[in-house]
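Below: one structure, written as structure tokens.
The values are calculated or read from the model by the stated rules, or taken from the named source; none is laboratory data. Fair warning: this is a prediction, and the values are worked out from it, not measured in the lab. In this analysis, Cβ positions are derived from the backbone assuming ideal geometry, glycine residues included, and neighbour counts consider all displayed protein chains.
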Amino acid sequence: MKFCSVVDYYAVLGLPSGEEGAKLTETELSEAYKVKALELHPDTRPQDPNAQADFQQLKSSYETLMEHMNRNHRYKNRV
């Protein structure tokens, strides 16, 4: 049986979690992603065997947070 570990998407982006993270704007998320993407991009870390996986985790975390933020925004506008 394989278990999935829980990922703190905010921590992956170098941002605060919890209530602080929930208050972040789309712009703040995007800026944090860009900074981390430059740091973790596989081209900047050719000797690191985990570079591709780290970058994929970053990308996945960003996409998940943006999707969640957009879903909440659509819901609030509908109600």
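Listed values, structure above:
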read-out: Every pair of residues 6+ apart whose Cβ atoms lie under 8 Å, when the first sits in segment 4-25 and is within 15 Å of His68 (Cα to Cα) while the second is surrounded by 12 or more Cβ atoms within 10 Å (Cβ to Cβ) and β-branched (Val, Ile, Thr); value: Tyr9/Thr64
read-out: Candidate set: segment 17-61, residues that are at pLDDT below 95 and hydrophobic (A, V, I, L, M, F, W, C); chosen: the one farthest from Val7 (Cα to Cα); value: Leu24
